[in-house]
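Scroll down for the structure; my scribbles are underneath it.
The values are calculated or read from the model by the stated rules, or taken from the named source; none is laboratory data. From a predicted model like this one, the values you see are computed outputs, not experimental measurements. Because the Cβ atoms are built from the backbone with ideal geometry, glycine has one as well, and the counts that use them run over all protein chains shown. These area figures cover heavy atoms from the full protein model, side chains too; ligands, DNA and RNA do not enter into them. Shrake-Rupley method; radii C 1.70, N 1.55, O 1.52, S 1.80 Å.
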Amino acid sequence: MAKEFYASSDVVFGKDAVHKLSEILKAYKAKSVMVVYGSSVKRVGIAQKVLNEVEKAQVKITVFEGVIPNPTNEVVEEAAEIARRENVDVFVAVGGGSCIDLTKAVNILMTNEGPIGRYGGIGLVKTPVLPLIAIPTTAGTSSEITNVVALTDTKAVCKYVIIDNKITANKVIADPEFTKSTPPSVTAATGMDAITHAVESYISNMATPLTEYHSLKSLQIFHKNLPLAVKDGSDMAAREQMMLGCIIVGFGFSHANLGLVHGIAHTLSAHFHLAHGMANAAVLPYVMEYNAESCPEKMVELARAIELSVTGNLEEDKYLLSRELLRLTKELQIKTLSQQGIEEKDFEMLADDVLKEPVLNFNPRQGITKEDILSILKKAF
């Protein structure tokens, strides 16, 4: 059966890549540019470096600094109102996944009627959007390269996704130097998010040979380089490889989709505002242990890809990956759910909401029950 594989972003990768920004803006004949970033990006000086390049294009500049973790519908609407008022014709997103997702969502509302929540789902954006330049400052979400936006609906108390090829960033400026100031804990959490993308997309029931290649290759990169980047943030070789891996895995999971790990993480973030990467990392080993029953061969393939010692006994080897992921989370000092403030009394409510997550449809093991989710939460506690 034929499968579609869509890739549209033009990527500028490497040290000093940001110096291409003014040239890109001029090529778009931009007149009014909105630059979106958060407080941490401003604090470490990255925002100013980007603004300096935007100024060279001699355009009107509007800054939106109101980026928050797990961006909400309300923040999207607020930023979109400003962008419309300033007649913005090009967007520049500078930051991690929350920033880039927020900007993608705002861009939707520049050419499509609101509210933003109406676009939750797959392929619901009707009108092409404006040019978007994504400049990632973390190596984790791959939002810079994907056709996905994750937002929080504060009224429904849930996270939801918008998936549409129209919203992919037109240009990506990936400068590993911009990840150098990322603290070890954030490097670890975002890196584990990237690993989650690699393994979940590989075992997804929507995976294809094209997506599987990207998922496997990126996992190899992350497994080798994430511990190095966490241990020494100035290790630019490791930082560069992590950023490269995020672009590679983005091509994989934006087509294959994700699974139960993200279903649990979305629910944790919606109710308790957990950082997305940390929520993923806390439950990842235990979901992979659970999924091993349905895709043992693929679990062994993942284990081989990162050079784990395979015995040849499928019943034993299918758990090698989950055990290695647990070891890695401990090495990187990923917090358990209890350390992140979750209480056992919350499990029933969380499990009920996880079962409503659409992403569960792509999980390799189907027939997921409330008891299954409760068991995973208890192990991750």
Practice item. Report, in debye and to the nearest 20, how large the dipole of the range 185-256 comes out about its Cα centre when Lys and Arg carry +1 and Asp and Glu carry -1 on their Cβ. Key: 80 debye
**Study point:** Antiparallel bridges, percent of DSSP beta bridges restricted to the chain (to nearest 5)
**Key:** 20 percent
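What is the percent carbon and sulfur in the accessible area of the chain, measuring with a 1.4 Å probe over the protein chains and ignoring ligands? All intermediate terms of the calculation are to be shown ahead of the outcome.
Details: 8080 of 15590 Å².
Within the chain, the accessible surface is 52 percent carbon and sulfur.
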Check your understanding: ³J(HN,Hα) across the range 85-98 via Karplus (A = 6.51, B = -1.76, C = 1.60, θ = phi - 60°), whole Hz, x for Gly/Pro?
Key -> 4, 8, 6, 4, 10, 8, 10, 10, 9, 10, x, x, x, 4
Practice item. Could you size up the charge dipole of the chain around its Cα centre, putting +1 on the beta carbon of Lys and Arg and -1 on that of Asp and Glu, and report it in debye to the nearest 20? Key: 880 debye
Review point. Counting alpha carbon pairs within less than 8 Å and at least 6 residues apart, what relative contact order, in whole percent, applies to the chain?
Key: 15 percent
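Could the peptides 264-273, 344-353 be put in order, highest first, of the mean number of other beta-carbon atoms found within 10 Å of their residues? Before the final figure, lay out each step's value.
Values: 264-273: 22.5, 344-353: 15.2.
Ranking the peptides 264-273, 344-353 by packing returns 264-273, 344-353.
Pairs to check: LYS56/LYS180; LYS318/LYS379; LYS180/LYS335; LYS231/LYS298; LYS224/LYS335. Give those whose C-alpha atoms are more than 28 Å from each other in this structure. Working shown, then result.
Working: LYS56/LYS180 25 Å; LYS318/LYS379 19 Å; LYS180/LYS335 23 Å; LYS231/LYS298 30 Å; LYS224/LYS335 21 Å.
The pairs that break the limit, which is 28 Å between Cα atoms, are LYS231/LYS298.
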Point to revise | the range 128-140 - phi-based ³J(HN,Hα) in whole Hz, Karplus 6.51/-1.76/1.60, Gly and Pro as x | key: x, 9, 7, x, 10, 10, 9, 10, x, 10, 10, 10, x
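With a ≥ b ≥ c the root eigenvalues of the C-alpha gyration tensor of the range 154-196, is it rounded (a/c under 1.5), prolate (a/b larger than b/c) or oblate? Before the final figure, lay out the partial values.
Values: a/c = 2.50, a/b = 1.28, b/c = 1.95.
Oblate shape, in that a/c is at least 1.5 and b/c is the bigger or equal ratio.
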**Study point:** Relative contact order of the range 4-160, pairs being alpha-carbon contacts under 8 Å that are 6 or more residues apart, as %
**Key:** 24 percent
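Based on the mean of other Cβ atoms within 10 Å per residue, sort peptides 62-72, 145-155 so the most packed one is first.
On the way: 62-72: 18.8, 145-155: 22.0.
Top of the packing list down: 145-155, 62-72.
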Revision key, fill the gap. Expressed in angstrom and rounded, the centroid-to-centroid distance over alpha carbons for the range 92-148 and the range 255-292 is 21 Å
Review point. In degrees between 0 and 90, to the nearest 10, how far off the longest principal axis of the chain does helix 184-203 point, with axes built from Cα atoms?
Key: 70 degrees
